[in-house]
Each structure stands twice: as structure tokens, then as C-alpha cells.
Amino acid sequence: MAALDKARARTDTRGHTPRFDVAVTGLGLITPAGIGVEANWERVCSGVSAAAADPTLGGGPVRISCRVPGFDPMELLGRENAWRLDRFVQLAMVAARQAVDDAGLDRGTWDGARVGVVLGNSLGGTGTFEQQHRRLVDHGPQRVSPLLIPMSMMNMVSGYVAIDLGARGPNLVTATACASGATAIGIARELLRSHACDIVIAGASESALSPTVMAGLNQMGALSGRQDDPLRASRPFDADRDGFVAAEGAGVLVLERVEDARARGARIRANISGYGSSADAYHATAPDPSGVGVSQAVNAALDDAGLGASDVAHINAHGTSTKLNDETEAKVVHRLFGENPAVTSTKGVTGHTLGAAGAIEAAYTVLAVERGTVPPTANLTKADDVVRIDVVRDRARTRRIEVATSNSFGFGGHNAVLVVTAA
């Protein structure tokens, strides 16, 4: 623990206050890898993709996706919530309940005014909006549901979760595209640092596997063309990658100040010790091939944590399985870290959960640190020549991990990086 002890004792390079660790005391995961933390961890460590044919997409050019298996909102949330909430809110609500229970917190007795909610999302209730638009076209405006707006608005994911949990503290939604979840966790950490609240429910959700969204992603060339081979379609860092498989899911973390968590005898899975963000300011959808913005976010996160690149043993890469992203990210990782960190992209298993990705992958990074295990990157059979980093493949790797980073990048040039350290 020498690297962590030194970092905790020193100030950052700007001479500001010592590093601020936030304890992760609870996790909730609802993803294509499964419902619950253990189901998720078993699946991502197996390296078997969750992609499958998706008959709900109507048989168009996009026929595959990664959906959450066996998710029954009626059973998990009851009739009222199943009826009045869009699926992206349903996923978040179940994940948030899991996380709170995992943290050993009692929603009935906590001081709700001191509990904040910060959740990320990028596209809102697209399924509800498309359904209601069809009703408008087919039957006229009088048949449009009065619930259309509260079901489809992005901010309702944090609003409804707060209602469900009785959390009356700061309530925010972050929208930095596929970096939204990581951004939410970074902002949640600042709320704890400022003592605006004592507990923050942080993470993200997305369920935008609607025909229109999928058609749009396909038209821009973001999706894999392996429509007849879904299990092998998502292949981060592989020489034959050709795009991602779109997915849905939710990841939620319960965050507390370390001293508060210890005082109540909570289990601390790991700490969030640094956060960095930046903008490429380059292109609407393509990453800056120079990687300047990504490097800036990584360095800011490490600086915030009072750590250096040599301290990092594991990186959960953004690793989308697209040509440009994986090449740029691999170049930046090699330039900053060399070949020391064990790198993985769990999107090989889960697909790309869009706005939820950063939160889900932050949770996987917490588990990797806690359990000393790096999941493999699914479908990596032949690494691209430009990928000169140590990408874990074939099977999970056991490794002591004191420091890890989780990378998230989004359309619009949003970059967000989290530093996760051992408790």
C-alpha cells in the first residue's frame, strides 16, 4: 500500500488540500450481464458476450442488441411503477434499491435531507416517445398519454429515484453522452467534499434500444455489421472490430465520506479518489486522434488523487469496439502508462450501454480492485497493430490492484476519468 500511503500524505501538484477519498459502500447493477452484482461479476469474468438477436427492432438493418435478461418491472417494482415509468427509470430504480441495500442503509430511518442523487443519462425515454408518436400519428392528439413528458424527460431518472428512496438532498442529472455515468460520480464526490450532503446515490442508466435510435446509430456507422453473429460482434481492441453493439443497463454506487462510513461500521468496497474531465473541442462524434483531451482528463484525475501513472495497475478502458475510439485510447494509454496496467474493456460482454457505461464500468472497476481480478476483453482474438498495451484476454487475471482508473468518453468530445483505490 506504499503508493496509497504516500498519496494520502501529500498534497496535489497544485498545492491544494490533501486527497479526498470517497467510500463506495454499495453497488447496484442491472445490465445485459445480469441482475445484481454477483451475476454481473460472474458474466464479465467469463468473457462471454451478452449480445443476441433482438426481435423488438422489427427486422431492419439492425437486428441485435444487448438487453437486460429477465427484467420484470412488475415483479421488481410493482404494478404502478411498471405502468408509469419508462424503462430507463425502472432500471435505475432497481439498481438504486440494490445499492442502498448493499450499503446496509435504511431508507426508512436515514435523514433524507442529507441524501443526494446524481444520475447520468443521454437519451431519456426514447421508447415511450416513439410509442406515443405512433399513437399521435395513428389516432390523433387526444390519444397521447398525459404521462408522455414525465416518462420521457431525462431529469426524471433522478427525480423518481429520489421519490422512491426519500432522498431530499441535491438532485441532478448529468448528460455528457457516454461519459454521463462517470461525470455523475465525479460530481457526487464534490457534493460530499463540500458537505452538501452525507450520502450520494450516484450512477447512470440508459434504455434507448428503440428502432429510431438504432437506425440513427447504424446510419452514422457506429454499430457492428456482424448482425448474423451477435456473440462475436463486440470486439474491443481487436484488429477486426467494426463497431459496437448497443445495450441498456444501469449502475448505481452509494458514496459516503470515508470517516462517516467507518463510523457506522460500513463495509467499504473501494474508494473514489480522483476525477478528471475535459473536452476534445474537435468533432461532434469522432475522438481527437491526437488524444490531447483524453490525456488531459487522465492527468487531471491522477493529479486529483495525488498519484502518478506508475501507480496504476489496472485500467477499465472505454473500449467501444469502434476503429477510431480504440485506436486513440490505446495510443493515449501507451503514451501515459506504457504496458504496465492490465487493461480491459467490459463492453465486449455487455455491449455499449451509452450514458450508463461510465457508471457500470466504475462499478466493475471497484469490484476489480476489491477482488484483485481483471475481467477479460471478450472476442479479442487478434490485437490491432496499434494496440501496444496489455489488454487482458481469454480469461480473467488475478492481480493485486491498489489503484485503477475507469475511462469514459462521449459524443461531443466529453472525457471523464475516475481513479479507484483500495480501501
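The values are calculated or read from the model by the stated rules, or taken from the named source; none is laboratory data. No experiment lies behind these values; they were computed from the predicted model shown. Heads up, the Cβs are rebuilt from the backbone with ideal geometry, glycines too, and the neighbour counts pull from every protein chain shown.
Show the residue pairs meeting these rules: Cβ distance below 7 Å; 6+ apart or different chains; first residue within region 368-392 and among the acidic types (Asp, Glu); second residue in a strand (DSSP E or B).
The qualifying pairs are Glu370/Ala270; Asp384/Asp238; Asp390/Ala342; Asp390/Val343.
Give region 281-297 a look and list any residue that's among the β-branched types (Val, Ile, Thr), out of contact with any Asp or Glu (no Cβ under 8 Å at 6 or more places or on another chain) and in a helix (DSSP H, G or I), or say none.
Result: no residue meets the conditions.
Quick check on region 220-249: of everything there that is charged (D, E, K, R) and not in a loop (DSSP other than H, G, I, E, B), which residue is farthest from Ala50 (Cα to Cα)?
Asp238
Looking only at region 59-110, count how many residues are part of a helix (DSSP H, G or I), in contact with a helix residue (DSSP H, G or I) (Cβ under 9 Å, 6 or more places away or on another chain), in contact (Cβ under 8 Å) with a residue 12 or more places away in the chain and acidic (Asp, Glu).
1
I'd like the residue in region 126-159 that is among the hydrophobic types (A, V, I, L, M, F, W, C) and not in a helix (DSSP H, G or I) and, out of all such residues, is nearest to Ala356 (Cα to Cα).
Let us first name the residues in region 126-159 that are among the hydrophobic types (A, V, I, L, M, F, W, C), namely 129, 136-137, 144, 147-149, 151, 153-154, 156-157.
Filter once more, keeping what is not in a helix (DSSP H, G or I): 144, 147, 153-154.
Working: Val144: 28, Leu147: 24, Met153: 16, Met154: 13 Å.
Checked region 126-159; the qualifying residue nearest to Ala356 (Cα to Cα) is Met154.
Counting only residues that are closer than 17 Å to Glu256 by Cβ and in a strand (DSSP E or B), which one in region 166-209 is farthest from the chain's Cα centre (by Cα)?
Among those residues, the one meeting the criterion is Ile199.
Quick check on Ala162: is it in a loop (DSSP other than H, G, I, E, B), surrounded by 21 or more Cβ atoms within 10 Å (Cβ to Cβ), over 17 Å from the mean Cα position of the chain (by Cα) and among the aliphatic types (A, V, I, L, M)?
no
Spot the failing condition for Val366; the list is (1) farther than 21 Å from Asn271 by Cβ; (2) crowded, with 24+ Cβ neighbours inside 10 Å, and only one is missed.
All conditions pass for Val366, except number (1).
Look at Leu123 and say whether it is assigned to a loop (DSSP other than H, G, I, E, B) and either modelled with pLDDT of 95 or more or in contact with a Cys (Cβ under 8 Å, 6 or more places away or on another chain) (or both).
Working: assigned to a loop (DSSP other than H, G, I, E, B): yes; either modelled with pLDDT of 95 or more or in contact with a Cys (Cβ under 8 Å, 6 or more places away or on another chain) (or both): yes.
Here the answer is yes, as Leu123 does meet what is asked.
For region 250-272, what are the residues that are β-branched (Val, Ile, Thr) and assigned to a loop (DSSP other than H, G, I, E, B)? Steps first, please.
Start the filter on region 250-272 by keeping residues that are β-branched (Val, Ile, Thr), which leaves 252, 254, 258, 268, 272.
Result: Ile268, single match.
Among residues belonging to region 191-227 that are surrounded by fewer than 24 Cβ atoms within 10 Å (Cβ to Cβ) and either among the hydroxyl-bearing types (Ser, Thr, Tyr) or free of Cβ contacts under 8 Å to residues at least 12 places away in the same chain (or both), point out the one that is nearest to Val94 (Cα to Cα).
Among residues in region 191-227 that are surrounded by fewer than 24 Cβ atoms within 10 Å (Cβ to Cβ) and either among the hydroxyl-bearing types (Ser, Thr, Tyr) or free of Cβ contacts under 8 Å to residues at least 12 places away in the same chain (or both), the one nearest to Val94 (Cα to Cα) is Ser210.
Residues checked against (1) at pLDDT 95 or above; (2) touching a Ser or Thr at 6+ places or on another chain (Cβ under 7 Å):
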| site | (1), (2) |
| --- | --- |
| Asp385 | no, no |
| Arg395 | yes, no |
| Thr398 | yes, yes |
| Ala416 | yes, yes |
| Thr421 | yes, yes |
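Picking from Val403, Val417, which residue would you name as being among the β-branched types (Val, Ile, Thr), within 12 Å of the chain's Cα centre (by Cα) and surrounded by 22 or more Cβ atoms within 10 Å (Cβ to Cβ)?
Of the residues listed, the single one that is among the β-branched types (Val, Ile, Thr), within 12 Å of the chain's Cα centre (by Cα) and surrounded by 22 or more Cβ atoms within 10 Å (Cβ to Cβ) is Val417.
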